[in-house]
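The values are calculated or read from the model by the stated rules, or taken from the named source; none is laboratory data. Treat the numbers as computed from the prediction; the structure is a model and nothing was measured. In this analysis, Cβ positions are derived from the backbone assuming ideal geometry, glycine residues included, and neighbour counts consider all displayed protein chains. Keep in mind that these areas ignore ligands, DNA and RNA; they rest on the heavy atoms of the full protein, side chains included. Shrake-Rupley method; radii C 1.70, N 1.55, O 1.52, S 1.80 Å.
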Amino acid sequence: MNKRPSLTELTAFASIVRHASFRAAADELGMSASTLSHMMRSLEQRLGLRLFHRTTRSVAPTEAGARFFHNVAPLLGDLDQALMDLETLTERPTGSVRINAAEPAARILMTRIVPAFLERYPGIHVDLVVEGRLVDIVAEGFDAGVRLGESLPKNMVAVPFGGDGRLICVASPAYLARAGTPRTPDELARHPCIRFRLPSGKMYRWEFKRHGQELKFDANGPITLDNMDLMVQAAIKGLGVAFVWDDTARAAIENGSLVSILDDWTPPFEGHYLYYPSHRLVPVGLRAFVDVIKDVEREAPSSVNRP
């Protein structure tokens, strides 16, 4: 008996692993969950290996299944990219581009890049997945991801966009009139701070830098949030000092609801990059997206470009 899986079986297997669900994978593939389950059991029997741990509530790859997925996912991605690359022969490219980005980067893409991209390439669908955790873009089926320059994975093509990044301290005028304005990061210890929880569950340590001196501050205060828009709202309400992306607080600063403090301790740093594997074919959608990024950035001011 031939043990070699068919392309249909490999595609189904990868979809189950990505979704961690037979039902969700079946919906994606346009078949019933029972048909999909039977297909995987048949594949396991032919291979002589159990690929999934199954319970009534969940499905997860076994050690063998995880190793198989790690090897198969890039191959399926290369095949998809090879097929999509044929679209470059058409006058109006079609298809999709799937991008993983954290909220601050997604905000820049939606403000500056995506509208220009859709205007130029109306036949290409943009699938922008917004989440804060760091993911393996190849294993999870993304064409590209976005990270700050300091945390880019190795062996990736990286395309900068949005200019330098900057995190700033903000508080409401009423709060500062009542509690006083901190002049150094050390003085923040006497102020209630609005803390930020990272997607990993850890608390973000506020980072400051001036004249080569770097400080990290463990914020303490009455409220912890995992969304910077909510942090801005909390600061506007006078609940304390927040440490947020400058573009998140810009409107509130401009209308006088917030005041930026400790500006000399919060210099700009290397901003966001769209990145994708250097060893794989670049699908037509991603290639077009990169072209638009470069064109938009070329036309942008040379100063900080955050929206």
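How far is helix 63-85 tilted off the main Cα axis of the chain, in degrees rounded to 10, range 0 to 90?
90
Give me the net charge for the shell around D263: Cβ to Cβ below 14 angstrom, other residues only, Lys and Arg +1, Asp and Glu -1.
So the environment of D263 carries a net charge of +3.
What's the angle, to the nearest 10 degrees (0 to 90), between helix 33-47's Cα axis and the longest principal axis of the chain?
Tilt of helix 33-47: around 70 degrees.
With +1 assigned to the C-beta of every Lys and Arg and -1 to the C-beta of every Asp and Glu, and no other charges, what is the dipole magnitude of the chain about the Cα centre in debye, to the nearest 20?
It works out to roughly 960 debye.
If I stretch the segment between T62 and A300 completely, what's the gain in nm (0.36 nm per residue apart, minus their alpha carbon distance), one decimal?
80.8 nm
Would you work out the relative contact order for the chain, in percent, from Cα pairs under 8 angstrom that are 6 or more residues apart?
Here the relative contact order equals 23 percent.
Mean residue ellipticity at 222 nm from the helices of the chain, using -39,500 (n - 2.57) per DSSP H segment of n ≥ 4 over the full residue count, to the nearest 500 deg cm²/dmol?
Helix contribution divided over all residues of the chain: -11000 deg cm²/dmol.
Ignoring everything but the protein chains, give the 1.4 Å probe accessible area of R210 in square angstrom, nearest 10.
Counting only protein heavy atoms, the figure is 70 Å².
With +1 assigned to the C-beta of every Lys and Arg and -1 to the C-beta of every Asp and Glu, and no other charges, what is the dipole magnitude of region 197-307 about the Cα centre in debye, to the nearest 20?
Result for region 197-307 is approximately 340 debye, rounded to the nearest 20.
Suppose all protein chains stay in the model; what accessible area per residue would a 1.4 Å probe give for region 152-307, in Å²?
50
Specify which residue in the list G201, I236, A252 is farthest towards the positive end of the charge dipole of region 195-307, using unit charges on the beta carbon of Lys, Arg (+1) and Asp, Glu (-1), about the Cα centre.
Projecting each Cα onto the dipole axis, the largest value belongs to G201.
In region 1-33, which residues have a backbone nitrogen under 20 Å from the label point lying 7 Å from N71's Cα in the Cα-to-Cβ direction?
Under 20 Å, as judged by backbone N against the label point of N71, lie 1-18 of region 1-33.
Could you compute the FRET efficiency for E150 and D218, with r as their C-beta to C-beta distance and R0 at 30 Å, rounded to 0.05?
Efficiency, from the Cβ-Cβ distance: 0.90.
What's the magnitude of the charge dipole for region 236-284 around its Cα centre, counting Lys and Arg as +1 and Asp and Glu as -1 at the beta-carbon? Answer in Debye, nearest 20.
Charge dipole of region 236-284: 280 debye, to the nearest 20.
For L43, what is the net charge nearby, where nearby means another residue's Cβ is under 14 Å from its Cβ and Lys, Arg count +1, Asp, Glu -1?
+4
I'd like the distance between the alpha-carbon centres of region 112-178 and region 201-255, rounded to an integer number of Å.
Centre-to-centre (Cα) distance: 19 Å.
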